[in-house]
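Remarks on the structure that follows.
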Amino acid sequence: MSFRWILFLAAVCLQAQTVCPPVPRYTPCDIAFEIPDAAPGSAVDLHAEFRSPRARTALMNAFWDGGTRWVIRFTPTETGNYDFRLTSRLAAFDGKTGSFTATPNKNPGWVRAANLHHFAHVDETVLTPHLWMGATVPGFPAMSLAAWKQMVDARAAQHFNHLAVTLVDGTAAKDFATPGLLQEAEAKIRYANEHGILVDVAFFGGDNLINRLLPDRASRQKWFSNVISRLAAFDVTWEGIEDWESTANGRALLKEIGEAINHFDPYKHARSSRAKSSSAPLADDGWLRYRSYTTTDTALEAVEQQAFQFPAVNHFDVADGASFRRALWTSAMNGQYPSPVIHNEADAAAMKAWFEVMSGTRHWELEPFFDTDNGRGLAYEGVEYLVYLEQPGQVTVNLEKQKYDFEWINPVNGERFPFKSQRFEAFTDTPPDNSHDWVLHISREGHKASMLRTYKFDSREDQPPLQLQLIESNPDKVPFDIELPSGDFSLSQPVQFRVKLKRETKATKRILFEWTGEVTVDEQSFRVLGTGSQGTFEIPANIALHYPAALHIKLYGLNGLGKLYSVDKNFTLGK
């Protein structure tokens, strides 16, 4: 729950007083002020610096809550007594002090990126694995609180721990700056948090909405300072804007939003941006902490998992039940965490089965695994392997020589078919039937149990830490080249592309390709242009600010053994 204490200007006297009842850790506490002389929505320059029992400080800003009401919202993360001091140009508040007490609870902490491509709850120095399973919820602003609560109750029972929403979409544009819209949003977020669900907040929908509603830096600074100050105390992640690639100056806007988050969110919640395809182009800008996708393109998923740091979350939208399940498991085998649109309860049941399988693994240490025929895999090699067969048939998995436990898992309902523990280096088998896709789970269950008894978040601590592979770009060692495009081109015509394979091996027969393009001088970031060995792509007009432009095209290739290569060429791009 959230606690509130209203302080009236006519009788404000905070010195040496407790202003909130005892508050459980990681629970928002509101300190509200009535300021009759402040114009609605104006800046009152009211702040509170909180000091924790361990003398850590956090500065929180007041936000307007309608009428003459202003609020400072704070969430304690330690147990014990908190002190705070107000600063303001308003003499009635400046220098006033107060205190409150945070009581113990079992909250594992805020979610952070960890182990290169995974997530953890972090509470002080304690890391607890976080298996991100989300759902993307369209129409959040228009959804009634009653309907939201009903959905949260259902999703919490199915193990969902994230709900991705958009704070301002086209239907809410007229009310985007009103306290009412934000009060409704925070009531929904609070209810989800109380049921163990984080809310992943995209500030604006697509179709260039942010530029239409907040056309200048001053208006953006005012809006974001208010909204981030209001929502940061909840258990949220920040997801920028929808379809940043099609938003005018999307990269610069997201840098600006990142600066606002750094300034107004003392909890440093995880952050990304929704994408039409990928937010990996923003990974080097300093503010991003996980990659966001909206795709079912296996090549894009697989290549970028090898090329970029930070965890990946996929907001794919697939309506057909069997196709939904395949998208879920394929993206998982490519190392991504799911946050799809849920069209029906069959989708939710498939997600529930996925969670129950993954939660029984050391998911926070699994990485894509390639030494298998007829399947896509994840592994902590020598300890645990998961292999997904989209098309059932004979599968071979090359293992480190150990005695393993084996089971087939039906991804439709989670039913398991274990069989006798055996010692293998190369394991070959077929699933129980050919009527649908299957998951093969191979693990050393006894060894995993002993690892948990001497728990370490990263059991590779005595080994080199997980790191990205070095991408091979030496032309003599790269087994492919760019055959097309072969000359300059323009925005007005689709561009043909084709790969020239230099040599054919078992590894290159299963190679996955991703094409990217960037006009470096205009700093709009690179864009994903296409995937595959041949086809056509259309260059987005906002890839450059000035034409003709020098376009740098890079081709990545991930071979069947997981080795990543790249080649690049420069072209002139006209309108």
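Observations on the structure shown:
- Unmet criterion (only one of (1) more than 19 Å from the chain's Cα centre (by Cα); (2) within 26 Å of Gln183 (Cα to Cα); (3) surrounded by fewer than 16 Cβ atoms within 10 Å (Cβ to Cβ)) for Val126: (2)
- The range 134-151 - residue that is over 23 Å from the mean Cα position of the chain (by Cα) and free of Cβ contacts under 8 Å to residues at least 24 places away in the same chain and, of those, surrounded by the fewest Cβ atoms within 10 Å (Cβ to Cβ): Ala146
- Number of the condition not met by Ser450 [criteria: (1) surrounded by 12 or more Cβ atoms within 10 Å (Cβ to Cβ); (2) not assigned by TED's automatic domain parsing to the domain that holds Gly560]: (1)
- Residue within the range 206-214 that is in contact with a strand residue (DSSP E or B) (Cβ under 7 Å, 6 or more places away or on another chain), farther than 18 Å from Met133 by Cβ and of a type in the set (Lys, Arg) present: no
- Some residue of the range 344-367 being touching a residue at least 12 places away in the same chain (Cβ under 8 Å), in a strand (DSSP E or B), within 23 Å of Ala426 (Cα to Cα) and not polar (S, T, N, Q): yes
- Filtered residue count, the range 289-324, keeping only those that are within 19 Å of Gly206 (Cα to Cα) and crowded, with 24+ Cβ neighbours inside 10 Å: 5
- Hits in the range 370-395 (condition: part of a loop (DSSP other than H, G, I, E, B), within 19 Å of Leu558 (Cα to Cα) and of a type outside the set (D, E, K, R)): Phe370, Asn374, Gly375
- Matching option when the condition is touching a residue at least 12 places away in the same chain (Cβ under 8 Å) and farther than 29 Å from Gly517 by Cβ, among Ile257, Ile228: Ile228
Per-residue answers, yes or no, for (1) under 20 Å from Lys276 (Cα atoms); (2) at pLDDT below 95; (3) not hydrophobic (A, V, I, L, M, F, W, C):
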{"position": "Phe480", "(1), (2), (3)": "no, no, no"}
{"position": "Ser492", "(1), (2), (3)": "no, yes, yes"}
{"position": "Arg503", "(1), (2), (3)": "no, yes, yes"}
{"position": "Ile511", "(1), (2), (3)": "no, no, no"}
{"position": "Ser525", "(1), (2), (3)": "yes, no, yes"}
{"position": "Ala541", "(1), (2), (3)": "yes, yes, no"}
{"position": "Lys554", "(1), (2), (3)": "yes, no, yes"}
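- Within the range 233-246, considering residues that are of a type outside the set (Asp, Glu) and in contact (Cβ under 8 Å) with a residue 60 or more places away in the chain, the one nearest to Arg73 (Cα to Cα): Ala233
- Unique match (being closer than 29 Å to Glu523 by Cα, of a type in the set (A, V, I, L, M, F, W, C), in contact with a Pro (Cβ under 9 Å, 6 or more places away or on another chain) and crowded, with 16+ Cβ neighbours inside 10 Å) among Val168, Val201, Val227: Val168
- Considering the range 39-67, the residues that are of a type in the set (Ser, Thr, Tyr) and closer than 23 Å to Phe224 by Cβ include one that is modelled with the lowest pLDDT, namely Ser42.
Conditions (1) assigned by TED's automatic domain parsing to the domain that holds Ser277; (2) under 26 Å from Ser277 (Cα atoms); (3) among the aliphatic types (A, V, I, L, M), marked per residue:
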position	(1), (2), (3)
Leu182	yes, no, yes
Ala185	yes, no, yes
Tyr191	yes, no, no
Asp207	yes, yes, no
Ile210	yes, yes, yes
Leu213	yes, yes, yes
Gln221	yes, no, no
Arg230	yes, no, no
Ala233	yes, no, yes
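- A Cβ distance below 7 Å, combined with a sequence gap of six or more or placement on separate chains, defines the contacts here; from the range 295-316, residues that are free of Cβ contacts under 8 Å to residues at least 60 places away in the same chain reach residues that are in a helix (DSSP H, G or I) in the pairs Thr295/Glu301; Thr296/Ala327; Glu301/Ser331; Asn314/Ser331; Phe316/Ala327; Phe316/Ser331.
- Screening Asn81 against (1) under 19 Å from Val227 (Cβ atoms); (2) at pLDDT 95 or above; (3) surrounded by fewer than 16 Cβ atoms within 10 Å (Cβ to Cβ); (4) of a type outside the set (Val, Ile, Thr) leaves a single unmet condition, (1).
- Picking from residues in the range 84-123 that are under 30 Å from Leu366 (Cα atoms) and among the basic types (Lys, Arg), the one that is surrounded by the most Cβ atoms within 10 Å (Cβ to Cβ) is Arg112.
- Only one of the listed residues (Gln336, Gln309) is within 13 Å of Tyr293 (Cα to Cα) and not β-branched (Val, Ile, Thr). That residue is Gln336.
- Each residue in the range 517-531 was checked for being part of a loop (DSSP other than H, G, I, E, B) and more than 15 Å from Glu304 (Cβ to Cβ), and 3 pass.
- For Arg503, the test of being in contact (Cβ under 8 Å) with a residue 12 or more places away in the chain, among the charged types (D, E, K, R) and surrounded by fewer than 11 Cβ atoms within 10 Å (Cβ to Cβ) is passed.
- Number of residues in the range 536-566 that are assigned to a strand (DSSP E or B), aliphatic (A, V, I, L, M) and surrounded by fewer than 19 Cβ atoms within 10 Å (Cβ to Cβ) equals 1.
The values are calculated or read from the model by the stated rules, or taken from the named source; none is laboratory data. Worth saying up front: this structure is predicted, and the values here are computed from it rather than measured. Glycine also receives a Cβ, built like all others from the backbone with ideal geometry; neighbour counts cover every protein chain displayed.
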